[in-house]
1. Which order do A:Tyr59, A:Tyr10 take when ranked by solvent-accessible area (1.4 Å probe, heavy atoms of all protein chains), largest first?
2. Starting from the amide H of A:Val16, placed 1.01 Å from N in the peptide plane, find each other amide H under 5 Å away whose residue is 5 or more places distant or on another chain.
3. May I ask what percent, to the nearest 5, of DSSP beta bridges between residues of the protein assembly as shown are antiparallel?
4. How tilted is helix A:94-104 with respect to the longest principal axis of chain A? Cα atoms for both, answer in degrees (0 to 90, nearest 10).
5. Within 10 Å of each Cβ in peptide B:146-154, how many partner chain Cβ atoms are there on average? Round it to a whole number, please.
6. Please state the charge dipole magnitude for the protein assembly as shown, taken about the Cα centre, from unit charges on C-beta atoms (+1 on K and R, -1 on D and E), reported in debye and rounded to the nearest 20.
7. If you average the sequence gap of Cα pairs under 8 Å that are 6 or more apart and divide by the length of chain B, what percent do you get for the contact order?
8. Listed highest first by mean packing, meaning other Cβ atoms within 10 Å per residue, what order do A:81-93, B:211-223 come in?
Amino acid sequence: MIKVVDLHKYFGNLQVLKGVNNEIKKGEVVCIIGASGSGKSTFLRCLNLLEEPTKGEIYIGGVSITEHMKDINKLRQKVGMVFQQFNLFPHMTATENIMLAPVRVKGMPQDEARKKAVELLRKVGLPDKDDVYPSQLSGGQKQRVAIARALAMDPEIMLFDEPTSALDPEMVGEVLAVMKQLAHEGMTMVVVTHEMGFAREVGNRILFMDEGIIAEEGTPEEMFSNPKKERTRAFLSKVL
Amino acid sequence: MLEGIFKVLSDAIFYNLIREDRYLLFVNGFKVSIQLTVFAALIGVAIGLLMAISKLTNNRILNRIATAYTDVIRGTPSVVQLIVIYYAILGSSHLPKILVASIAFGINSGAYVTELIRAGILAVDKGQMEAARSLGLSYYQSMRYVIVPQAIKNILPALVSEFIVLLKETAIAGYIALDDLTRAGTIVRGRTFDPYTPFILVALIYLYITSILTAFMGRLERRLRQSD
Ligand SMILES: Nc1ncnc2c1ncn2[C@@H]1O[C@H](COP(=O)(O)OP(=O)(O)OP(=O)(O)O)[C@@H](O)[C@H]1O
Ligand SMILES: [Mg+2]
């Protein structure tokens with residue numbers, strides 16, 4: 001589903017990604033862990049071209065997206081993204097947030113989009129928040145609306161960049177529950193996270209990023225019980 | 001004592017307003033100042049929009065033009081701009097004087113409006129654009145549905161405040177022989193030799209208009225904040 005070949009990214013002279021290679025299969029849940037500044041977000045943002053790779057190839061569904069920069073909006077419809085800071089549109093209600101892209105990008109009729117938005121809000125456990133503005137929602141509720149908004153485009157892949165890091169501890173669970181449900185439904189997911197419990201339980205594969213490369217990868221059991229590299233062990237001993 | 005004050009006041013009113021229908025000079029000056037401000041504001045907003053967009057795009061040439069424009073306007077006195085634009089550039093045409101002056105003031109105000117719009121757009125969190133783009137919206141759609149509606153809330157109150165500044169700036173229109181409100185004060189003073197009263201009247205009229213605008217701005221700000 002996603003294939004990354006020798007991905008490099010520079011910000012000016014700063015080299016952030018130094019040759020990332022990976023292949024992510026349909027329905028797989030891949031969790032990316034690693035220290036701050038190791039390039040996790042940059043890697044994730046390259047996958048929907050929020051960052052333009054400096055060098056290397058990314059294929060999604062067999063098509064090189066780095067070669068088809070013009071069709072960027074088409075690509076992004078297939079790849080949903082959820083941000084640490086939610087980034088809901090504050091001047092729109094929850095429903096309007098969700099409807100915007102289906103209506104404007106896909107040309108879906110308003111009432112159909114509204115119906116879909118209401119369904120999605122129910123799916124993320126917010127059946128009574130249709131006409132509520134983001135400012136009236138808690139952090140956990142905001143993030144669930146943001147997930148519903150991304151799902152409204154029927155993406156094939158969902159990217160999550162530390163979706164629970166900005167939340168109060170008591171709200172982390174409700175968001176992780178929604179993500180877990182998505183994973184069980186077979187969504188292909190790439191999740192940058194510090195929630196090791198989630199990574200262990202829901203992840204099919206863990207990537208440990210260190211200084212711009214994937215330093216080690218494996219199943220949750222391999223990575224958490226028996227990491228091979230010293231750096232991985234050092235990182236895990238700090239966060240577990 | 002009280003009688004004395006009353007006499008001074010009624011004389012002042014008589015000589016500066018009633019005699020020879022001098023109040024008409026103020027009324028006409030008021031009309032000119034308002035027309036000038038309204039036309040100049042419209043021109044300024046149009047220019048400001050274009051220049052703000054030019055500054056925000058990645059086009060180098062447009063960037064340069066817009067930056068040169070705002071630098072020149074903000075770095076020189078408006079009286080000088082008015083005279084240069086009026087005589088050197090537009091004075092040779094046969095347009096009505098007030099229109100030419102409006103263009104001159106519009107070009108001046110446009111530079112401040114440019115910065116205002118630009119700042120209003122830049123103040124919108126950059127995560128908003130990323131979220132919109134990540135959903136598949138084009139740059140233009142993201143601007144239209146996500147960024148601009150939020151930027152307007154930042155821009156509108158500041159724009160009203162720019163109109164207040166503009167109204168006061170038009171007081172220099174006398175330099176190009178336009179009979180605006182301030183000029184009316186000068187004319188009446190020349191006839192009555194009363195150094196204070198004409199300009200106190202002029203000041204009160206300006207203050208009246210600006211206080212209406214200020215009150216409007218306050219209400220606008222409250223309304224916009226509520227809708228958050
Ligand atoms: N737009 C940018 N311009 C310049 N440097 C950047 C930019 N984005 C990220 N960086 C730098 O790239 C490096 C990697 O950043 P990145 O956000 O990918 O790290 P991360 O692994 O996600 O860290 P964190 O856990 O703190 O989110 C950092 O040194 C960061 O300062
Ligand atoms: Mg990050």
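1. Working: A:Tyr59 70, A:Tyr10 90 Å².
Accessible-area ranking of A:Tyr59, A:Tyr10, largest first: A:Tyr10, A:Tyr59.
2. Excluding prolines and chain starts, which carry no amide H, the hits are A:Lys9, A:Tyr10, A:Phe11.
3. On the way: 20 of 38 bridges.
In the protein assembly as shown, DSSP labels about 55 percent of beta bridges as antiparallel.
4. 80
5. On the way: counts 7, 1, 0, 4, 3, 0, 1, 2, 0.
Partner Cβ neighbours, averaged per residue: 2.
6. Values: 53 positive and 47 negative charges, 154 e Å.
So the magnitude is around 740 debye.
7. Numbers: 229 pairs, mean separation 64.2, N = 228.
Normalised by residue count, the contact order of chain B is 28 percent.
8. On the way: A:81-93: 21.1, B:211-223: 12.9.
Output ranking for A:81-93, B:211-223: A:81-93, B:211-223.
The values are calculated or read from the model by the stated rules, or taken from the named source; none is laboratory data. Note that the structure is predicted; figures quoted are calculated from it, not measured. Note that each Cβ is placed from the backbone with ideal geometry, even for glycine, and that neighbours are counted across all protein chains shown. For accessibility, only protein heavy atoms count, side chains too; no ligands or nucleic acids. Shrake-Rupley method; radii C 1.70, N 1.55, O 1.52, S 1.80 Å.
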